Amino acid sequence: MSSAKRTRRAIVTGAGSGIGQAVAARLLNAGVHVLAVDMDAVKLSSLGSENCETLVADLSDPDQRMRVAQASDGADYLVNSHGILTVKPIFEVTLEDWRRIQTVNAESVFFLCQQIGPRLRPGGAIVNLSSSSAKLATSLEVAHYAASKTTILSITRSFAYALASRPVRVNAICPGIIDTPMQEAVLAGMTKVRGIALPELTAARNRAVPLGRPAQPEECAGAIWFLLSDEAGYMTGQAVNFTGGMVTW
């Protein structure tokens with residue numbers, strides 16, 4: 001009888017850049033077979049590996065979400081790291097802005113958990129990316145984004161209960177300031193809205209972090225890998241801060 005160890009499988013959304021890309025790379029380095037999902041085929045191509053499949057999909061579309069779900073049978077892990085962010089003062093947010101960000105950031109996460117969670121192997125795990133903004137209200141220009149990330153915390157708790165009997169664990173991570181293309185877009189948007197020069201805004205951002213610096217995507221990927229791993233086998237329904245001390249509750 002062969003004693004070969006079974007290759008674990010993961011689905012990682014938003015894998016074309018930022019934290020999602022770092023998570024996919026971390027999993028591949030650990031010998032996990034990854035299905036990398038993103039809207040951008042060019043960005044996905046940077047993940048080239050014999051253990052990596054790619055799937056171009058718009059996760060705000062129910063039919064395209066189903067394609068991802070159908071490719072997930074027998075997987076071990078799901079990391080929902082996709083999302084969008086726009087910078088706009090709270091009193092200027094439109095209904096269209098609200099619906100778009102909720103559809104991409106929250107609705108898609110709910111239905112991916114619903115459709116993929118029961119397909120995961122017993123002992124599997126899901127990590128949903130929330131944000132420190134789900135717990136803070138200091139940047140009102142991203143209030144609509146923060147609302148979508150707060151919704152993810154509720155989704156995480158609900159599916160942690162719903163999937164516990166499999167058992168499949170469901171946790172969320174709340175990243176703070178991470179050096180990603182999204183963070184660069186936030187800074188660029190904030191400089192326009194607030195009329196503050198980029199160096200000044202960047203310095204103020206770093207002062208808000210007790211550890212005095214932003215994190216790299218690879219650092220956050222390490223924390224996500226811990227939540228997926230057997231080392232976190234007694235954790236479910238949690239919202240883990242990854243903020244350099246900026247959020248402590």
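The values are calculated or read from the model by the stated rules, or taken from the named source; none is laboratory data. For clarity, every value in this text was computed on a predicted model and none was experimentally measured. In this analysis, Cβ positions are derived from the backbone assuming ideal geometry, glycine residues included, and neighbour counts consider all displayed protein chains. Note: areas computed on protein heavy atoms with side chains; ligands, DNA, RNA excluded. Shrake-Rupley method; radii C 1.70, N 1.55, O 1.52, S 1.80 Å.
With Cα atoms as the point set, the stretch 85-201 shows a radius of gyration and Dmax of 16.3, 52 Å.
Counting only alpha carbon atoms, the long axis of helix 217-228 and the longest principal axis of the chain meet at about 40°.
Taking the DSSP bridge list for the chain and keeping only pairs wholly inside it, about 0 percent are antiparallel. The Rg/Rh ratio for the stretch 198-249, using Cα coordinates for both the radius of gyration and the Kirkwood hydrodynamic radius, is 1.09.
Both radii come from the Cα set of the stretch 1-111: Rg as radius of gyration, Rh as Kirkwood radius; their ratio Rg/Rh reads 1.06. Take every Cα pair under 8 Å whose residues are at least 6 apart in sequence, average their separation, divide by the length of the stretch 116-190, and the relative contact order is 42 percent. Sorted into 5 angstrom bins from 0, the C-alpha pair distances of the stretch 1-44 split as 6, 24, 28, 18, 9, 6, 4, 3, 1 percent. Modelled this way, with points 7 Å down the Cα-to-C-beta line, the labels at Tyr161 and Leu136 are 3.0 nm from one another.
When only C-alpha pairs under 8 Å and at least 6 residues apart count, what is the relative contact order of the chain, in percent? In percent, rounded to a whole number, it is 20. For the stretch 42-180, averaging the sequence separation of C-alpha pairs within contact (under 8 Å, six or more residues apart) and dividing by the residue count gives a relative contact order of 27 percent.
Using just its DSSP H runs of length 4 or more, each adding -39500 (n - 2.57), the chain gives a mean residue ellipticity at 222 nm of -12000 deg cm²/dmol after division by all residues. Computed over protein heavy atoms with a 1.4 Å probe, the carbon and sulfur contribution to the accessible area of the chain reaches 55%. Under Stokes-Einstein, with the Kirkwood radius over Cα pairs as Rh, the value for the chain at 4 °C and 1.567 mPa s is 71 µm²/s. Per residue, the accessible area of the stretch 1-116 comes to 49 Å², computed with a 1.4 Å probe over protein heavy atoms only.
Accessible surface area normalised per residue over the stretch 118-183 is 36 Å², counting heavy atoms of protein chains with a 1.4 Å rolling probe.
Just checking the listed ones, Gly14, Gly124, Gly195: in the Gaussian network model of the chain with Cα springs under 10 Å, the one fluctuating most is Gly195. Straight-line reach from Lys88: taking Cα to Cα under 14 Å and skipping same-chain neighbours fewer than 8 places apart, the aspartates and glutamates in range are Glu96, Asp97, Glu141.
When only alpha carbons of the stretch 25-82 are considered, Rg and Dmax amount to 11.3, 31 Å. The gain in end-to-end length when the Ala208 to Asp179 segment is fully stretched comes to 8.9 nm, 0.36 nm per residue minus the alpha carbon separation.
In the chain, taking the dipole from charged Cβ atoms about the Cα centre, the farthest positive-side position among His144, Val209, Thr180 is held by Val209. Counting only Cβ charges, +1 for Lys and Arg and -1 for Asp and Glu, the dipole size of the chain around its Cα centre is about 540 debye. On a 0 to 90 degree scale, rounded to 10, what angle separates helix 181-194 from the longest Cα axis of the chain? Orientation of helix 181-194: about 20 degrees from the principal axis.
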